[in-house]
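So the structure is just underneath, and the comments pick up after that.
Derivation of every value follows stated rules applied to the coordinates shown; laboratory data play no part. Values in this document were obtained by computation on a predicted structure and should not be read as measured data. So basically every Cβ, Gly included, is an ideal-geometry build from the backbone, and we count neighbours across all protein chains shown.
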Amino acid sequence: MKSILRWYDENARELPWRIPPHPNQQSIRPNPYHIWLSEIMLQQTTVAAVKPYYQKFLSLWPTISNLAKADRTEIMAAWAGLGYYSRARNLKKCAEEIHQNYNGVFPDRAKELIKLPGIGPYTSASIAAIAFGEKIAVVDGNVERVISRYFRIAEQMPAGKKIVATKLTGLVPASRPGDFAQALMDLGATICTPRSPLCDKCPVAKKCEALAHNDVHAYPNKPVKKTIPVKKGFAFLISREDGYVLLHRRPEKGLLGGMTGFPTSDWGEHPDITESLDNAPIQTDWVRSNQISKHTFTHFKLELEPVRGSVGNRTKAPDNFYWCCPDKIDSQGLPTIFAKLVRFLATRTQRG
């Protein structure tokens with residue numbers, strides 16, 4: 001697959017965390033901090049969504065030590081909207097460990113990188129190959145698709161991933177392992193795509209087993225997706241007479257852990273409105289919106305009905321809650337599910 005590197009030299013994507021391919025300047029490598037930051041952000045997230053967040057983080061915290069010393073709430077607020085918030089918590093933990101235990105210098109081998117918070121097999125291999133030139137197989141979703149088709153690997157995923165990694169290990173060149181990894185990523189992202197692969201433009205088409213058998217779309221062999229369940233609940237939009245709104249600092253562990261948002265009821269298949277309102281953090285007269293705000297998580301869909309309530313200015317916020325000026329809500333770093341609810345604060349509603 002040497003033709004992959006030739007193709008990459010001419011067709012590499014321009015990404016803010018990358019340096020251009022340098023076939024004759026192998027000593028030039030990207031900043032490990034940049035590669036790590038981008039790889040953490042790219043987990044389960046598109047390149048287009050990551051770019052502005054990556055640039056924002058580098059602007060706020062130019063080095064790993066800057067990030068290690070940053071306030072956790074500021075990091076979580078900057079991450080808001082990118083999703084999968086455990087990544088942000090691990091980002092902070094990993095930065096602290098590298099700053100404190102490694103003098104701000106990243107380990108240069110995958111076997112050491114994988115010991116750090118939030119870094120798994122793929123991320124450790126990617127950082128080691130791209131930032132440090134370690135000869136190691138790097139397998140993300142794009143690479144998995146390319147290799148599965150090239151070798152026509154029949155084993156169903158995720159078991160087939162081991163075969164992909166084994167096949168790929170024998171192909172990684174010693175001279176440019178980082179460029180090779182990024183070349184396969186780019187090939188999968190732009191040519192060997194899931195639904196409409198451009199096989200006529202692929203640099204390895206002549207040796208692709210799946211193309212030879214005219215069954216490219218059958219690979220990788222993935223199980224049929226299960227129906228995503230729907231959970232429902234109520235969002236409590238509680239305002240004081242002066243307009244201040246009640247917000248909730250969520251527990252560190254669990255979904256949306258450590259994030260700030262509007263208080264909600266428990267989420268379930270058929271939540272009871274009376275029971276939900278009885279368990280609201282503050283009791284008041286409620287006004288139902290009769291509208292639904294929807295959001296999709298990885299393993300389920302969530303539907304929240306906003307309900308509004310008003311209280312006096314002297315009403316105290318319970319523990320882990322606080323009153324927020326409405327003009328400052330946008331700066332609180334609300335996750336997308338809660339940011340969608342802000343518009344209901346100004347929406348007229350009728351009593352239900």
Cut-off under 5 Å, modelled amide H: who pairs with Thr264 long-range: Phe236
Relative contact order (percent, whole number), the chain, Cα cutoff 8 Å, 6+ residue spacing: 16 percent
Candidates per trypsin sites (Lys or Arg not before Pro) in the range 183-224, loop by DSSP, up to 11 other Cβ within 10 Å: Arg195
Long-range HN-HN contacts of Val311 with modeled amide H, under 5 Å: Ser239, Arg240, Glu241
Hz values of 3J(HN,Hα) by residue in the range 219-229 - Karplus curve (6.51, -1.76, 1.60), Gly and Pro given as x: 10, x, 7, 10, x, 5, 5, 7, 5, 7, x
Calculated FRET efficiency for the pair His213/Asp266, C-beta based, R₀ 56 Å, to 0.05: 0.65
Ellipticity estimate at 222 nm from DSSP helix runs (n ≥ 4, -39,500 (n - 2.57)) divided over the chain, nearest 500: -10500 deg cm²/dmol
Extreme residue, positive dipole direction of the chain, given options Ala183, Ser289, His99 (C-beta unit charges): Ala183
Phi-based couplings in Hz for the range 255-267 (Karplus 6.51, -1.76, 1.60; Gly and Pro marked x): 4, 6, x, x, 8, 9, x, 6, x, 9, 6, 5, 9
Neighbourhood charge, 15 Å Cβ-Cβ cut-off, centred on Asn103 and excluding it, Lys, Arg +1 and Asp, Glu -1: -3
Paramagnetic reach from Ile228 in the range 41-57 [backbone N under 19 Å; point 7 Å along Cα→Cβ]: 42-50
Sequence ranges 118-124, 137-143, 53-59, ranked by mean other-Cβ count within 10 angstrom, highest first: 137-143, 118-124, 53-59
Tensor-based shape of the range 246-352 (alpha-carbon gyration tensor, a/c under 1.5 rounded, otherwise prolate or oblate): rounded
Percent of Cα-Cα distances greater than 21 Å, calculated over the range 2-218: 55 percent
Check: the chain dipole with +1 on Lys, Arg Cβ and -1 on Asp, Glu Cβ, in debye: 580 debye
Sequence-distant residues sharing a close amide H with Lys301 (under 5 Å, placed H): Val230, Lys231
